[in-house]
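The values are calculated or read from the model by the stated rules, or taken from the named source; none is laboratory data. Quick caveat, the model's predicted, so the values are computed rather than measured. All Cβ positions, even for glycine, are placed from backbone atoms using ideal geometry, and neighbour counts span all protein chains on display. Remember, those area values only see protein heavy atoms, side chains included, never the ligands or the DNA or RNA. Shrake-Rupley method; radii C 1.70, N 1.55, O 1.52, S 1.80 Å.
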Amino acid sequence: MARLMANPTLLPSPLSVLRTLGDLVRSGAIFVNSGTSLGRIAFSWLLAALVAIPLGIAMGRSERTDRFVRPFVELFRPISPIAWIPLAILWFGIGLSGKVFIIFIGGFFPVLLNTIAGVKGVPPILITAGKTFGCSALQLTTRVCIPAALPAIATGLRISFGTAWMTIISAEMVASKAGLGHMIIDGMEILRSDVVIVGMAVIGLLGFFFDTIFRGIEQWLSDR
């Protein structure tokens, strides 16, 4: 520990970290790398949501669909997204496609499972009321189940984004030429622990910012 504290290369001072942050801001590197990571996440996360939400609604409304799809979900869900990185590199290289694949896997299951839980957790009295008013199965799904399940779906989207955020950083550390993960691993390779710490701090701040937004959306949907 004394060796660590005495070596500024291994543990830079807060002032050194702030100076490095200022340099990265002035050069624009921090914005380029942050924007690269966020762009990859936004595309992949939206793609995961577009697949997971309809599938989750179908599984929540249909026992037959649930019984058919559930074994595949439980087979692949325990596999960490990071474990897919070697295959993603082999299949897609180090370009965007491989990262989209990894983030998709990381973001897919939280949205799917929360959507299923939200649809299945709709109070039976709402379903009964809808049937009493003559709603068809489709109308029950679109007018009763989906609105009632929105808070659970929003929770799934928030968890999914956090998982995707951690996944893309790991993917960028292994196979990338840009992004916050790449910035961190590049800092490690050139013994710039100040760059590493700045990258970690930016990841934490951005994660906190987006989590706060999602929590606000969740609260708004719950209070409606």
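Between a first residue in the stretch 132-147 that is touching a residue at least 40 places away in the same chain (Cβ under 8 Å) and of a type outside the set (Asp, Glu) and a second residue that is open to solvent by 70 Å² or more (accessible area, probe 1.4 Å) and in a helix (DSSP H, G or I), which pairs have beta carbons less than 6 Å apart while being 6 or more apart in sequence or on different chains?
Listed by first residue and then by second, the contacts come to Thr141/Arg61.
I'd like to check something: does the stretch 186-208 contain any residue that is in contact with a Pro (Cβ under 9 Å, 6 or more places away or on another chain), at negative phi and acidic (Asp, Glu)?
Yes, the conditions are met somewhere in the stretch 186-208.
Residue under question is Ala2, and the condition is that it be at pLDDT below 85 and open to solvent by 50 Å² or more (accessible area, probe 1.4 Å); does it hold? Before you say what the answer is, go through the steps one by one.
On the way: at pLDDT below 85: yes; open to solvent by 50 Å² or more (accessible area, probe 1.4 Å): yes.
Considered against the rule, which asks whether it is at pLDDT below 85 and open to solvent by 50 Å² or more (accessible area, probe 1.4 Å), Ala2 comes out as yes.
Residue-wise test of (1) open to solvent by 30 Å² or more (accessible area, probe 1.4 Å); (2) in a helix (DSSP H, G or I); (3) modelled with pLDDT of 80 or more.
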site	(1), (2), (3)
Thr141	no, yes, no
Leu150	yes, yes, yes
Ile159	yes, yes, yes
Met166	yes, yes, yes
Glu172	no, yes, no
Asp211	yes, yes, yes
Ser222	yes, yes, no
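Answer yes or no: is there a residue in the stretch 114-132 that is at pLDDT 90 or above, farther than 23 Å from Asn33 by Cα, open to solvent by 30 Å² or more (accessible area, probe 1.4 Å) and within 15 Å of the chain's Cα centre (by Cα).
yes
For the stretch 46-84, enumerate the residues that are at pLDDT below 90, within 17 Å of Ser170 (Cβ to Cβ) and surrounded by 14 or more Cβ atoms within 10 Å (Cβ to Cβ).
Of everything in the stretch 46-84, those that are at pLDDT below 90, within 17 Å of Ser170 (Cβ to Cβ) and surrounded by 14 or more Cβ atoms within 10 Å (Cβ to Cβ) turn out to be Pro81, Ile82, Trp84.
Anything in the stretch 26-37 that is part of a helix (DSSP H, G or I) and either open to solvent by less than 60 Å² (accessible area, probe 1.4 Å) or touching a strand residue (DSSP E or B) at 6+ places or on another chain (Cβ under 6 Å) (or both)? List them, or say none.
Those that are part of a helix (DSSP H, G or I) and either open to solvent by less than 60 Å² (accessible area, probe 1.4 Å) or touching a strand residue (DSSP E or B) at 6+ places or on another chain (Cβ under 6 Å) (or both): Ala29, Ile30, Asn33, Ser34, Gly35, Thr36, Ser37.
In a helix (DSSP H, G or I), open to solvent by 60 Å² or more (accessible area, probe 1.4 Å) and modelled with pLDDT of 85 or more: is that true of Val111 in this structure?
It is false that Val111 is in a helix (DSSP H, G or I), open to solvent by 60 Å² or more (accessible area, probe 1.4 Å) and modelled with pLDDT of 85 or more.
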